[in-house]
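A short worksheet on the structure shown next.
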Amino acid sequence: MLGKFYSRPTSTVTNESQGTSTVEETFCICEGPEDGPMLLCSNEHCKYKLFHLECLNLKKGPKRRKWYCPDCTASKEQVKMQKKKHN
């Protein structure tokens with residue numbers, strides 16, 4: 001995993017036919033489990049936090065320390081545009 005580790009709330013999946021429940025963490029835009037190389041969004045309020053490199057169509061992570069996912073990057077651009085309109 002690239003970036004720093006963090007904890008995320010888990011969801012419980014129940015298998016009624018077997019009467020069992022398991023705890024499964026989901027990440028990324030694909031809502032899949034933590035698996036393989038992953039990239040951490042630098043926005044602490046990011047909806048997803050961790051992203052599979054494959055889901056981002058990346059072979060390796062960026063060299064810079066701070067990285068923002070596509071959703072957070074778009075949000076940052078919208079805030080910048082709103083500030084320019086008000087000035």
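The values are calculated or read from the model by the stated rules, or taken from the named source; none is laboratory data. The model shown is predicted, which means the values in this text are computed figures rather than measured ones. Cβ atoms come from the backbone with ideal geometry, glycine included; neighbour counts cover every protein chain shown.
Please list, ordered by first then second residue, the pairs with beta carbon atoms under 8 Å, 6 or more apart or interchain, first in the stretch 67-86 and surrounded by 11 or more Cβ atoms within 10 Å (Cβ to Cβ), second modelled with pLDDT under 85.
67/3; 68/76
Can you tell me which residue within the stretch 46-77, out of those that are under 10 Å from the mean Cα position of the chain (by Cα) and part of a loop (DSSP other than H, G, I, E, B), is nearest to residue 31 (Cα to Cα)?
Among those residues, the one meeting the criterion is 48.
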